[in-house]
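What follows is calculated from the coordinates using simple rules that are stated; it is not laboratory data. Being a predicted model, the structure only gives us computed values, none of them experimental. FYI the Cβ positions are ideal-geometry reconstructions off the backbone, even for glycines, and counts take in every protein chain you see.
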Amino acid sequence: MRLCIFGAGAIGGLMAARLAAKGDVEVTVIARGPHLAAMQAHGLKLLSEGSETVVRPRCVASAAEAGVQDYVVVTLKAHSLPGAAAQMQPLLGPETAVVSAVNGVPWWYFHGLGGPHEGRVVESVDPGGVVSALLPPARAIGCIVYPAAEVIAPGVIEHTYGDRFSLGEPDGSRSPRAQRLSEALIAAGFKAPVRPRIRDELWVKLWGNLAFNPISALTTATLDVLIADDGQRGVARAMMLEGQRVAEALGVRFAIDVDKRIAGAAEVGAHKTSMLQDLERGRPMEIEALLGAVVELADLVGEPAPTCRTVLALVRARAKAAGCWP
């Protein structure tokens, strides 16, 4: 199996390190800058559960160097994908699967769903259909990312918690390609179930991200402070209920209720959301994939979603003022 990690930051690096350590998968990492240079010179170091592992996957700067793969795991921020899709073309053979390990509503969302919206483009993450044209949704395997990891130095990944990557075909089938990937990830020490309803799980993760991320960027609160504050928690809860109505109108089933989801987030503690981290570091924020797309889907199904719309307007303005707009 030839597997390439495109955009090997923290999560991609974690996956690459574990797969390379197992040795059954031919792993190629595409990265850039000091991170790439460090991996080429010294290998990829993973710090996890008190242990240190150094592996030497093939590390290159471009898709052209990597060549055609069986699987391409995309671990970029969603706003980078329209620009990166063209760069990925040398990786794609006739049967190459593109594993979408990207937060938020994915470009393939309406592929294989059936019903009146089948094949619809989600403009917030796929403007003008540019991603779908270059990475046809038929190639996509959904992947919900649960681990937390950080690049603490060039070539060094610190894994702090979580070991699950849930997989799912957009059409709900248990395909041979999804099963092979699941088996490879399980062999590398991850939990990697193949889900028949991947959008249900996608929304449970998005449920928190659509609210906690933008609110934290507006207030600079860590997750524990945000949830302990009645006002911020109330805004988040209202946004989540609006998002739930949108998702359910599209056929999603929620296995837990909103208060249990909030309680689960509270257990994470003094965590800075990814959007707050990006704001503090002056990097583009994942606003459209996490919230803009939810409002776009609300328009599609006729849900008013007033709190989501208000927070979206405010966090877009915050990003532009801070120079963190993609």
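Below are the figures for this structure:
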| item | result |
| --- | --- |
| Exposure proxy order (Cβ contacts within 10 Å, fewest to most) of Tyr146, Tyr71, Tyr109, Tyr161 | Tyr161, Tyr146, Tyr71, Tyr109 |
| Mean Cβ neighbour count within 10 Å, used as a protection proxy, ranking 21-27, 250-256 highest first | 21-27, 250-256 |
| Likely footprinting exposure, Cys324, Cys4, Cys143, fewest C-beta neighbours within 10 Å first | Cys324, Cys143, Cys4 |
| Per-residue HN-Hα couplings for the stretch 44-50 [Karplus 6.51, -1.76, 1.60; θ = phi - 60°; Hz; x = Gly/Pro] | 9, 9, 10, 9, 7, 6, x |
| Principal axis dimensions, the stretch 53-152 - Cα atoms, whole angstrom, descending | 49, 31, 21 |
| Normalised contact order of the stretch 1-116, rounded percent, pairs of Cα under 8 Å and 6 or more residues apart | 26 percent |
| Rg followed by Dmax, in Å, when the stretch 230-284 is reduced to its Cα trace | 13.8, 37 |
| Under 5 Å, built H, 5+ apart or other chain: amide partners of Thr28 | Leu3, Cys4, Ile5 |
| Alpha-carbon Rg with Dmax, taken over the stretch 195-302, Å | 13.6, 38 |
| Size-normalised alpha-carbon gyration radius of the stretch 2-196, reference 2.2 N^0.38 Å | 0.98 |
| Eligible lysines near Lys22 by straight Cα distance, threshold 28 Å, same-chain separation 8 or greater | Lys45, Lys77, Lys191 |
| Whole-Hz ³J(HN,Hα) from phi, Karplus 6.51 cos²θ - 1.76 cosθ + 1.60, for the stretch 139-145, glycine and proline x | 7, 7, 10, x, 9, 9, 9 |
| Net length gained if the chain between Ala148 and Gln89 were fully extended (0.36 nm per residue, minus Cα distance) | 18.4 nm |
| Cα-based equivalent ellipsoid, the stretch 117-208: semi-axes from gyration tensor eigenvalues, Å | 25, 19, 14 |
| For the stretch 221-290 versus the stretch 1-18, the gap between their alpha-carbon centres in whole angstrom | 27 Å |
| The chain: DSSP helices with Cα axial extent of at least 27 Å and average Kyte-Doolittle hydropathy no lower than -1.0 | 198-219, 230-249 |
| Residue order, fewest to most surrounding Cβ atoms within 10 angstrom, among Trp107, Trp325, Trp207 | Trp325, Trp207, Trp107 |
| Sites matching trypsin sites (Lys or Arg not before Pro) across the stretch 268-317 that sit in DSSP coil, with at most 16 neighbouring C-beta atoms within 10 Å | Lys272 |
| Computed over the stretch 1-102, the ratio Rg/Rh where both radii use C-alpha atoms and Rh is Kirkwood | 0.95 |
